[in-house]
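Before I ask anything, here is the structure I am working with.
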Amino acid sequence: MTDDTLVRPGEPDGFERLWTAHRMAYINQNAVGGDRGCPFCEIPASDDETGLIVHRGVECYVVMNLYPYNPGHVLVCPYRHVADYTDLTTTETAEVAALTQRAMTVIRSVSAPAGFNLGMNQGQVAGAGIAEHLHQHVVPRWLGDANFLPIIGRTKAVPQLLADTRALLAEAWQA
């Protein structure tokens, strides 16, 4: 590889990465040793509307993602500060699974997605923005939800405010 073909960090390359540098302030602020503590430990201390909490369970809760990939993107988090899936207790594991299933049912009733992405990024190297506190992503998907806008316009259109989505999901959760 010559200097002419050397790709520098942040420059386009063959992987067509989408750079979201604006998220680093959030990630760095909440990293261990950062200015603030763990957001997933702090959120339950706030009221549901302020914390964007959709549902509180016994050992886990469901909260809106501050940087959603799509409307209705929620996170299922244990209250306990635990990083690794293998460190969850049996009851925490069961509640993460049950709340994930319920989140899918509720999101389907509110917005009829065509499918879902479910997942956990375990460790910073695996893409976890907040690796110190395990959280399960539940991302609703629709045909055509990934369009030209993020690629060409460097913009992600999320057609609903987080507080409005939280209110719809929280109401449907109780139904």
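The values are calculated or read from the model by the stated rules, or taken from the named source; none is laboratory data. The structure presented is a predicted model; accordingly, all values stated were derived computationally and were not measured. Positions of Cβ are generated from backbone atoms using ideal geometry, with glycine treated the same way; all protein chains shown enter the neighbour counts.
What's the total number of residues in region 166-175 that are surrounded by 16 or more Cβ atoms within 10 Å (Cβ to Cβ) and farther than 13 Å from G51 by Cα?
Count: 4.
OK, next. So which of V82, V58 is in a loop (DSSP other than H, G, I, E, B), more than 20 Å from L169 (Cβ to Cβ) and touching a residue at least 24 places away in the same chain (Cβ under 8 Å)?
Working: V58 fails: more than 20 Å from L169 (Cβ to Cβ).
Only one candidate passes the filter, namely V82.
Output the residue which, of all residues in region 121-146 that are aliphatic (A, V, I, L, M) and within 19 Å of V54 (Cα to Cα), is farthest from the chain's Cα centre (by Cα). Don't jump to the end; show me each part of the working.
Residues of region 121-146 aliphatic (A, V, I, L, M): 125-126, 128, 130-131, 134, 138-139, 143, 146.
Restricting the remaining residues to those that are within 19 Å of V54 (Cα to Cα) gives 134, 138-139.
Values: L134: 11, V138: 7, V139: 8 Å.
The qualifying residue farthest from the chain's Cα centre (by Cα) is L134.
Testing T100 on (1) assigned to a helix (DSSP H, G or I); (2) more than 10 Å from V138 (Cα to Cα), one condition comes back false. Which one is that?
All conditions pass for T100, except number (2).
For residues that are modelled with pLDDT under 95 and in contact with a Phe, Trp or Tyr (Cβ under 9 Å, 6 or more places away or on another chain), scanning just region 52-72, find the one that is surrounded by the most Cβ atoms within 10 Å (Cβ to Cβ).
Once the filter is applied, the top-ranked residue is N70.
Going by the structure shown, is A98 out of contact with any strand residue (DSSP E or B) (no Cβ under 8 Å at 6 or more places or on another chain), more than 24 Å from E171 (Cβ to Cβ), surrounded by 13 or more Cβ atoms within 10 Å (Cβ to Cβ) and of a type outside the set (F, W, Y)? Walk me through it before giving the result.
Working: out of contact with any strand residue (DSSP E or B) (no Cβ under 8 Å at 6 or more places or on another chain): yes; more than 24 Å from E171 (Cβ to Cβ): no; surrounded by 13 or more Cβ atoms within 10 Å (Cβ to Cβ): yes; of a type outside the set (F, W, Y): yes.
No.
Among the residues that make up region 144-161, is at least one of them touching a residue at least 40 places away in the same chain (Cβ under 8 Å), in a helix (DSSP H, G or I) and not acidic (D, E)?
yes
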